[in-house]
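Where a number appears in this text, it was derived from the coordinates with a stated rule and is not lab data. Only a predicted model underlies this, so the values are computations on that prediction, with no experimental measurement involved. Heads up, the Cβs are rebuilt from the backbone with ideal geometry, glycines too, and the neighbour counts pull from every protein chain shown.
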Amino acid sequence: MDTERWQRLSPLLDALLELEPDARARRLDALRTEDAGLADELGSLIDLDENHADFLAEPALNLPTGPAPGALIGPYRLERLLGEGGMGQVWLAARADGLYQRRVALKLLRPGLADTNLRVRFTREREILARLTHPHIARLLDAGISQDNLPYLALEYVDGVPITDWCSEQHTPLDLRLQMFHQICDAVSHAHANLIVHRDLKPSNILVTPAGDVRLLDFGIAKLLDHDAPLVERTRTGVRAFTLHYAAPEQVRGEPVSTMTDVYSLGVLLYELFTDSKPYRPPRKSDAAWEEAILSADPLRPSQALLRAAELHPGDAHGLRRRARTLVGDLDNIVLKALAKQPEQRYASVEALALDLRRHQLGRPVAARPDSVGYRLRKYLHRHRWALATGSLVAAVLVAALGLVAWQAREAVREASRAQAIQDFMISVFETASAGESGQPLDVRGLLDASLQRGQRELARQPRARAELIGLVARLRIGLGDYDEARALLERQAAILEASDDIPDSLRLESVTQRGRVLRLQDKPRECIDLMQPALASARRQQAQLPPQVAEFYSQLGRCRRENGERRGARQLFERALAIRRDGNGDRIGEVANLMDLANLHADAGEIGSALRQLDEAREQLRAEAGSRHPLLVGIGRSLGSLHRARGDFEGARREVAGALAVSLATSGSDHPASIATQLQLAGLEMDTGHFREAREALDTVYRHLEARLGSNHPDTIRSLVGRGRAERELGDIVRAMDTLLQAAAAARRVDDPTLRSEVLIVQGAVLRDAGRAAEALPLLQEVVRLRREREGDGHFATGAALLELGLAQQSLGDAHGASTSLRNAAAMTRRALGAGHPDARNAAAASARLRAQAGDAGARHELENLARRQGARPDATLASVRAGAYLAEAGCPHSPAAATAALAALQAPLAKWQPEGGVLTREVTAIDAACRHDPP
């Protein structure tokens, strides 16, 4: 059966299959009087459908399954399938040859297709895309042939949603929908100017990015108007190359297409943007019914479609009727002209369609409406309605002039009063500052409190000014690190805003943003999201009017989502904020903050190289804009320090964090939370690299500041004491370590936090064991094991760490059986939780193997050999190998003391590098060496 015959049979067969048997027989009889051969063929096909249910139940041939994720296509590695159709597949892929990094949408011809027309179309798409360079058309980046002889196209990857879905989900207003439609028209016009007809314009080929920009995709069946090669609208099997719902009548009839074919498809899209429905509603959903509707049915006017929808959905009736009123007249006629059945009755070009829409938006007559004096007059009156109304009301204005002047005077007094109140506030700050005693440091917090008290008295009847004043003081409190006080002030401001009507949107948005910021700084990201998420829709609506405030709102909400583990949502918000700030907003510092945010997301995903490059670029931009003492440099330095540490570059990490600390001390002072957090990070790096004295000094400084700010019973204060106790233990200052940890234990009991108490007791038990008081350490460590089993369970590495310390204490007391059980369980637990290669898991395994080796277990010595061979760039990995090597030498000392002492001597170099000031492990290795030298052969 040839294609032409099947095209005639197909719609008739669809219609017959939907009829009841009796009606179907009558219809076949009627067809038989017209064309007996046609009726017989239809009857045979229906018989096959009814009596041969197993026809093609199994595929006629097995086509290749195609590539899988991870496969290499040219220089690209496939990640995941984005979509597929009859012609091919589109994959998300990344450049894999190391030349540069880029994610692309990789389009592949479906494997196993032998139809040369499809390969011709695929090649033609490459030619078409190579002609197009437009900001609203997805660009062709690369093309080639894969190792399996499959052609591919690498296109710009567009992370977006179909335009109709975007408008429906975002409840996009009409003006914004028209704005996006103009972007589409510009893109299609560019294609037409390059002699290209798209031929498949539909929502799934028109995506909207998170920034609200449109991208036109998929020129797979586009037509080159200057191309002489024949084009096929259907494949040999009769499958359409276009999408039926958006096809023009000439496409359905198989006639030649032109630029006016795209005009028709744009008309269908515009209809759907206006009404959220398609222009045709055939009684049946078959292809035949759709073809009949496209060829002969007249679509409802868009306004009538909305009125009909209002009758079917009473709950949305008010909004639908309001939308219908905006479409009546010009917009109805513009859409219907674009949907004309005959091409010559449509707009002559996409530019003409776009021009008519712009004329409507400007209030001018449109080409889609019949020209008449009355129509032009109405348009003129509407376009100049304000000027005409002003002229008509001159007399009324003169009569009401006195009242208007009086009203304006009152408004001017209100604004002047508010401005004067803010000015008085600033003056009062300096007056209070100058009133202090000579030589005394400036009490900024006292000044802010005094200013609030004055504002409360003098602005009692000006809620807007009072709210602005409270918000200003709250932001200053945030800058000082007084998060609790700032949160209380922002709650007061929110109460004022809630009770007042005359509040600008900008102030409300700033208030929500700052409240979310404080919650994030207090480590409450979930509460921040719950607070800010309801305001997201409002922020989107105000994006054009309030770009700086909306960009900051997006940034703060994105940071809360990142800290809550919602990385994908955070990325979208950061990219939106960055796009707003780069779009003429002029907020260069805000751009740097968003670049930091995106770099931190790369770091979270383990992409350390990308994160380092982005942070370096952000720092250079910040220094160029604001110099070398901006507070944002603190966050950049701390992030760079963490990344260098993760790569094993501890010197680089110390350098970055020390630089960040210097900036923080200079800009915020030593008691600011940012300075304290940076000092803690630096102390951790000093501990990692064996600089225990510097670590102790830093932790002692941190403790003093935390005690002054938070009190001695705050968990952060207690943890700084525990850290200082660890440093003192490593230095061998057991007496001071015991005093420090007794102080921490007393504070932990007052807090009544089991997790915090276990953190204190495990270090206290280790120090007691070092002091030879293992009997006193035993009950403390048993309590730690109990607490961690209750809270973490037996599968957690923290429970394994507690069992390790308990086993070492039992070993010191001579309880070989108890020590063996505890150490064996510790090794198994940390290995399951952290992996066998983790330094903590290797330390636990070494302690267990040491005990078994002392009992004569030859297998334990083999295990120690394996643990000693495992090296690493990080100090904790190296020291784990040293520990295992020392235990191995200890086991061999009774048999070969010379070899054992030589092996122990070889361990001194890595010990000197990573514990230059000595440490627990250094003292343990020294003790093993001393015992070995005095051991008889």
- [ ] For the stretch 600-617, take each phi angle, set θ = phi - 60°, evaluate the Karplus expression 6.51 cos²θ - 1.76 cosθ + 1.60, and give the result in whole Hz per residue in order, putting x for glycine and proline.
- [x] 5, 5, 4, 5, 4, 7, x, 8, 5, x, 5, 4, 4, 5, 5, 5, 4, 5
TODO: Using a Förster distance of 30 angstrom, determine the FRET efficiency expected from the C-beta separation of Ala68 and Ser10, and round it to 0.05.
DONE: 0.25
TODO: Calculate, in nm to one decimal, what Leu710 and Leu195 gain on full extension: separation in residues at 0.36 nm each, minus their alpha carbon distance.
DONE: 178.3 nm
Task: Residues Met180, Met260 arranged by fewest to most Cβ contacts within 10 Å - done: Met180, Met260
Open item on the list: Taking amide H atoms as placed 1.01 Å from N in the peptide plane, list the residues 5 or more away in sequence, or in a different chain, whose amide H sits under 5 Å from that of Asp857.
Closed with: none
Open item on the list: Residues of the stretch 262-279 with the amide nitrogen closer than 12 Å to a label point 7 Å from the Cα of Arg308, along Cα-to-Cβ, please.
Closed with: 277-279
Task: Additional length obtainable on full extension of the chain from Asp449 to Gln342, 0.36 nm per residue less Cα span - done: 30.9 nm
TODO: Arrange the following residues from fewest to most other Cβ atoms within 10 Å of their Cβ: Arg466, Arg724, Arg541.
DONE: Arg541, Arg466, Arg724
Task: Residue-wise HN-Hα coupling along the stretch 716-733, computed from phi with Karplus coefficients 6.51, -1.76, 1.60 (Hz; x: Gly, Pro) - done: 5, 5, 5, 5, 5, 5, 4, x, 5, x, 5, 4, 5, 5, 4, 6, x, 8
- [ ] Within 10 Å of each residue's Cβ, count the other Cβ atoms and sort His360, His862 from fewest upward.
- [x] His862, His360
Open item on the list: Can you give me the long-range amide H partners of Leu82? Hydrogens built in the peptide plane at 1.01 Å from N, cutoff under 5 Å, separation of 5 or more residues or another chain.
Closed with: Val90, Trp91, Leu92
Task: Computed FRET value (nearest 0.05) for Glu865 with Glu566, which takes r as the C-beta separation and R₀ as 41 Å - done: 0.35
Task: Length added when fully stretched, Ala905-Asp159, from 0.36 nm per residue minus Cα-Cα - done: 262.6 nm
Open item on the list: So the label point goes 7 Å from the Cα of Ser628 along Cα→C-beta, right? Which residues of the stretch 637-664 then have their backbone N under 17 Å from it?
Closed with: 637-638, 655-664
Open item on the list: Once R0 is set to 56 Å, what does the formula 1/(1 + (r/R0)^6) return for the Cβ-Cβ distance between Arg364 and Asp752, expressed as a FRET efficiency to the nearest 0.05?
Closed with: 0.15
Open item on the list: I need the phi-derived Karplus couplings for the stretch 558-564: 6.51 cos²θ - 1.76 cosθ + 1.60, θ = phi - 60°, integer Hz, Gly and Pro marked x.
Closed with: x, 5, 5, 5, 4, 5, 8
Task: Distance (nanometres) between label positions extended 7 Å along Cα→Cβ at Arg457 and His245 - done: 6.9 nm
- [ ] In nm, give the distance between the simple-model label positions of Ser258 and Leu45, each being 7 Å from the Cα along the Cα-to-Cβ direction.
- [x] 3.3 nm
Open item on the list: Exceeding 23 Å between C-alpha atoms, which entries from my cross-link table qualify? They are Lys202/Lys278; Lys285/Lys337; Lys107/Lys278.
Closed with: Lys285/Lys337; Lys107/Lys278
